[in-house]
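Peer 1: There's a structure below that I have some questions on.
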Amino acid sequence: MESSPADLPSSPPAQTGAIALPSPAIAGKPLLLRRSLSWTSLLCLVYVTVCSGPFGLEELVTSVGPGMTFILLLITPIFWGVPLLFMSAELSSALPLEGGLYQWVKKAFGDFWGFQAGWWWWISSFLDCAIYAVLVADYFQFFYPQMGDVAQWGIALAVIWFFTILNIRGIAVVGTSSILFVFFMLAPFVVMIILGVPHISQNPFVPLLPPDKNLGMALSTGLLMSIWFISGFEALATASEEIKNSERVLARSLIVVFPLVLISYMLPIVVSLAIDGNWQNWQAGHFSQIGEMIGGRFLGGWISLAGVIANMALFCTWLLSYSRIPFAMAHDGYLPKAITRVSPKYGTPATAIVVSAIIYSIFSWGDFKSLVVIDIWVILGGMFLEFLALAKLRYSRPDLPRHFRVPGGKVGLWFCVISPIAIGLFAMFGSGKEYIVPGGLAVASGPVAYWVCKRFVKVKQD
């Protein structure tokens, strides 16, 4: 029998300290998740999860043109990024539960829709985490231009399994490594911008569009890609019960990091387009070539190395986030019980992490652009449910302790619900049949998976 939203437990009391503790949030079953993460580590983790520098923007420029790139980097944060930020801040403060968005939607709409949100996000991770491994291999091509497909896949697999081991060792280890990641991946761009300003020779905002695309086509394709660049604010909430005072510090960290994300995108792309007008031929990893034009082989190699580090960091933090979703779903009986195993040594959901890594290894063979568009198509279904859960819980559960509330009263609340859903729907259905069909099939897998898991997995455990 499905539980109604009213039957679900309210959020647990705030707890602090790097200690092993039981988690009452997941089906009342005791866990030994270790709660430990400093403020500095949290800020760097949030930054890495959302952005990790401007890497990957090269293909956005090629797809939609320089002018449209800047338009998208202006409107997407306002109509998508800010609502996502506010929604994540309010729900993570009201419901600091392991599993994050899966728990939010389940509490708002019941088991079926909670399963859909969790399933769609986990499905999206098959592509999302594979993208980061693929990008690491792309940046290695700067050092080894003749590298073949098998060697590229080998690099992707090495990334996946090294950071799987790191994740098993705990969120504190991942958080500490993220501090180093942020420093090493942003430092070369500071140098590139300083050295590049004297070389500016052209208008970086023209042309508006590629000659072979109309406004509607460029806007829909560009929205799908730019949404991906300004997403992830809710990601670390899936590990809420492993973060000290998560009901307070997550919201604060999101607000601090948001402007840093925008600066990290805008400054490097402005300088790069003002120096290199051959944007039609840009590919993933092109910032390295621009760095070589400005500062020689050393700066180009430094940026390539930073690109490798950035995408390693993205994989590491997203593995942390995504693996907590099957962990929470397994505790509710919808996935095999083995996935609920917590490492007695490190206090992490070790089996869920390993299972996810195996799947990512299979999906790490693919093209970046096709992967990212399908990935966003899949993940939007779950995000729509999150925005709707924000409104539903505001009215159905006004008693929840919200340490952050979406500002602007009812107007602000409904802007944060309607605006991102409208943008997401436009991007989804304007992306072309080649993306709508596989994306739609992936979304349709949710109800099928729910029936299968409820019929053959949950019944056996009950």
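The values are calculated or read from the model by the stated rules, or taken from the named source; none is laboratory data. Owing to the predicted nature of the structure, the values given are computational and were not obtained by experimental measurement. Reconstructed Cβ throughout: ideal geometry from the backbone, glycine too, with neighbour counts over all protein chains shown.
Peer 1: Taking the conditions exactly as written (more than 26 Å from residue 458 (Cα to Cα) and without any contact (Cβ under 8 Å) to a residue 60 or more places away in the chain), does residue 130 satisfy them or not?
Peer 2: In short, no.
Peer 1: Could you check how many residues of the range 210-219 are surrounded by 16 or more Cβ atoms within 10 Å (Cβ to Cβ) and closer than 18 Å to residue 433 by Cα?
Peer 2: Counting residues in the range 210-219 that are surrounded by 16 or more Cβ atoms within 10 Å (Cβ to Cβ) and closer than 18 Å to residue 433 by Cα gives 4.
Peer 1: Oh, and also: On the basis of being under 29 Å from residue 421 (Cα atoms) and touching a residue at least 60 places away in the same chain (Cβ under 8 Å), does residue 196 make the cut?
Peer 2: no
Peer 1: Restricting to the range 170-209, count the residues that are loosely packed, with under 15 Cβ neighbours inside 10 Å and either modelled with pLDDT under 90 or of a type outside the set (A, V, I, L, M) (or both).
Peer 2: Looking only at the range 170-209, we keep the residues that are loosely packed, with under 15 Cβ neighbours inside 10 Å, and these are 180, 183, 187, 190, 194, 197-203, 206-207.
Checking which are either modelled with pLDDT under 90 or of a type outside the set (A, V, I, L, M) (or both) leaves us with 183, 198-199, 201-203, 207.
Count: 7.
Peer 1: While we're on this one: Could you say which residue among 371, 393, 380, 388 is in a helix (DSSP H, G or I), modelled with pLDDT under 90 and more than 24 Å from residue 151 (Cβ to Cβ)?
Peer 2: Criteria check complete, one pass: 380.
Peer 1: Filter the range 298-349 down to residues that are polar (S, T, N, Q), more than 30 Å from residue 451 (Cβ to Cβ) and in a helix (DSSP H, G or I) and give me whichever is modelled with the highest pLDDT.
Peer 2: Checking each candidate, the answer is 317.
Peer 1: Now for a different question. Could you list, in sequence order, all residues of the range 199-214 that are in contact (Cβ under 8 Å) with a residue 12 or more places away in the chain and either not basic (Lys, Arg) or not in a loop (DSSP other than H, G, I, E, B) (or both)?
Peer 2: Listed by number, the residues that qualify are 199, 200, 201, 202, 203, 204, 205, 206, 207, 208, 209, 210.
Peer 1: If you take the residues of the range 137-169 that are outside any helix (DSSP H, G or I) and free of Cβ contacts under 8 Å to residues at least 12 places away in the same chain, which of them is surrounded by the most Cβ atoms within 10 Å (Cβ to Cβ)? Please lay out each step first, then the result.
Peer 2: First, pick out the residues of the range 137-169 that are outside any helix (DSSP H, G or I): 141-148, 169.
Okay, now just the ones that are also free of Cβ contacts under 8 Å to residues at least 12 places away in the same chain, so 144-148.
Values: 144: 12, 145: 7, 146: 6, 147: 15, 148: 9.
Per the stated criteria, the residue is 147.
Peer 1: Which of the numbered conditions does residue 229 fail, given that it passes all the others? Conditions: (1) under 19 Å from residue 261 (Cα atoms); (2) at pLDDT 90 or above; (3) under 18 Å from the mean Cα position of the chain (by Cα).
Peer 2: Against the list (1) under 19 Å from residue 261 (Cα atoms); (2) at pLDDT 90 or above; (3) under 18 Å from the mean Cα position of the chain (by Cα), residue 229 comes up short only on (2).
Peer 1: Does residue 158 count as within 22 Å of the chain's Cα centre (by Cα) and hydrophobic (A, V, I, L, M, F, W, C)?
Peer 2: Spelling it out, residue 158 is indeed within 22 Å of the chain's Cα centre (by Cα) and hydrophobic (A, V, I, L, M, F, W, C).
Peer 1: Regarding the range 6-27, can at least one residue be identified that is at pLDDT 90 or above, of a type in the set (D, E, K, R) and either in a helix (DSSP H, G or I) or touching a Cys at 6+ places or on another chain (Cβ under 7 Å) (or both)? Please lay out each step first, then the result.
Peer 2: First, the residues of the range 6-27 that are at pLDDT 90 or above: none.
Looking through the range 6-27, none of the residues is at pLDDT 90 or above, of a type in the set (D, E, K, R) and either in a helix (DSSP H, G or I) or touching a Cys at 6+ places or on another chain (Cβ under 7 Å) (or both).
Peer 1: Here's a follow-up. Is it the case that some residue within the range 413-431 is over 23 Å from residue 92 (Cα atoms), of a type in the set (S, T, N, Q) and touching a residue at least 12 places away in the same chain (Cβ under 8 Å)?
Peer 2: yes
Peer 1: Could you grab me the full set of residues in the range 89-136 that are outside any helix (DSSP H, G or I) and either buried (at least 24 other Cβ atoms within 10 Å of the Cβ) or among the hydroxyl-bearing types (Ser, Thr, Tyr) (or both)?
Peer 2: Selection gives 95, 96, 97, 98, 99, 100.
Peer 1: Tell me, yes or no, whether the range 265-280 has at least one residue that is within 18 Å of residue 92 (Cα to Cα), in contact (Cβ under 8 Å) with a residue 60 or more places away in the chain and surrounded by fewer than 23 Cβ atoms within 10 Å (Cβ to Cβ). If you could, list the steps in order and put the result at the bottom.
Peer 2: Our first condition is that a residue be within 18 Å of residue 92 (Cα to Cα); within the range 265-280, this holds for none.
Taking every residue of the range 265-280 in turn, none turns out to be within 18 Å of residue 92 (Cα to Cα), in contact (Cβ under 8 Å) with a residue 60 or more places away in the chain and surrounded by fewer than 23 Cβ atoms within 10 Å (Cβ to Cβ).
Peer 1: Follow-up question, since we're still on this one. Could you identify the single residue in 52, 92 that is among the hydroxyl-bearing types (Ser, Thr, Tyr) and either modelled with pLDDT of 90 or more or over 19 Å from the mean Cα position of the chain (by Cα) (or both)?
Peer 2: After applying the criteria, what remains is 92.
Peer 1: Ok, one more. Quick check, is residue 179 β-branched (Val, Ile, Thr) and farther than 29 Å from residue 300 by Cα?
Peer 2: For residue 179, the condition - β-branched (Val, Ile, Thr) and farther than 29 Å from residue 300 by Cα - is not met.
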